[in-house]
1. Residues that are of a type in the set (A, V, I, L, M, F, W, C), modelled with pLDDT of 90 or more and closer than 20 Å to THR107 by Cα: does the range 28-37 have at least one?
2. Could you tell me whether the range 55-62 includes any residue that is under 28 Å from VAL119 (Cα atoms), exposed (fewer than 14 other Cβ atoms within 10 Å of the Cβ) and among the basic types (Lys, Arg)?
3. Six or more apart or on different chains, Cβ atoms under 9 Å: show the pairs whose first residue is in the range 1-16 and within 12 Å of SER32 (Cα to Cα) and whose second is assigned to a loop (DSSP other than H, G, I, E, B) and among the basic types (Lys, Arg).
4. Working only within the range 73-97, note down all residues that are farther than 14 Å from PRO11 by Cα and at pLDDT below 95.
5. Just the residues that are of a type in the set (A, V, I, L, M) and either at positive phi or not in a helix (DSSP H, G or I) (or both), please, taken from the range 70-96.
6. I need a count of the residues in the range 28-54 that are free of Cβ contacts under 8 Å to residues at least 24 places away in the same chain, in contact with a helix residue (DSSP H, G or I) (Cβ under 8 Å, 6 or more places away or on another chain) and of a type outside the set (Ser, Thr, Tyr).
7. Specify which of the listed residues (VAL20, VAL43, VAL6) is within 17 Å of LEU75 (Cα to Cα) and under 19 Å from the mean Cα position of the chain (by Cα).
8. Scan the range 8-15 and tell me whether some residue there is touching a helix residue (DSSP H, G or I) at 6+ places or on another chain (Cβ under 7 Å), β-branched (Val, Ile, Thr), closer than 21 Å to ILE100 by Cα and modelled with pLDDT of 95 or more.
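The values are calculated or read from the model by the stated rules, or taken from the named source; none is laboratory data. The model shown is predicted, which means the values in this text are computed figures rather than measured ones. Quick reminder, even Gly has a Cβ in these numbers, built from the backbone with ideal geometry, and neighbours come from all protein chains shown.
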Amino acid sequence: MRVKTVFIAHPISGDIKGNVVKVLAICEKIHSKEIIPVAPYLVSLQYLDDEIIEDRKLGIAANLECFRRKYIDELWLYGDRISKGMKQEIKLALKLRISIKAKTSATKIALQCFILQSVSEFLKEYRLIENKRRGGNDKS
């Protein structure tokens, strides 16, 4: 049996203290012999201020480093929405082929919308590149 490390993505800004409590409850619920929840931002929030842009960027960079180092096996999405920070985590997980699981009805819908929007943006950019390559000037 292989132990799985799971990054717990959850909106933090807004009600920071309330959201931290929710993330801790999620970690407590899923932590087992098979699953190790990972939420490095819980530590960062002890000394960084999520309201200060530079602190927020530093915290998000630390989170994303867990993905880049391939420490994360899966990304699990919780909460009532997908935040800006969660979008960055999703993009990196997709790029690194890390499995993503939406665990709430709100994140399931938001993830589908996010992926459709990302594909639409990609296709639009692809069409522009192809049009330029062919010497066209149509911007549609």
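1. yes
2. Yes, because at least one residue in the range 55-62 is under 28 Å from VAL119 (Cα atoms), exposed (fewer than 14 other Cβ atoms within 10 Å of the Cβ) and among the basic types (Lys, Arg).
3. Every condition considered, the pairs that remain are VAL3/LYS33.
4. Residues satisfying the conditions are LYS91, LEU92, ALA93, LEU94, LYS95, LEU96, ARG97.
5. ILE72, LEU75, LEU77, ILE82, LEU96 - these are the residues of the range 70-96 that are of a type in the set (A, V, I, L, M) and either at positive phi or not in a helix (DSSP H, G or I) (or both).
6. 3
7. One residue alone meets the criteria, VAL6.
8. Yes, because at least one residue in the range 8-15 is touching a helix residue (DSSP H, G or I) at 6+ places or on another chain (Cβ under 7 Å), β-branched (Val, Ile, Thr), closer than 21 Å to ILE100 by Cα and modelled with pLDDT of 95 or more.
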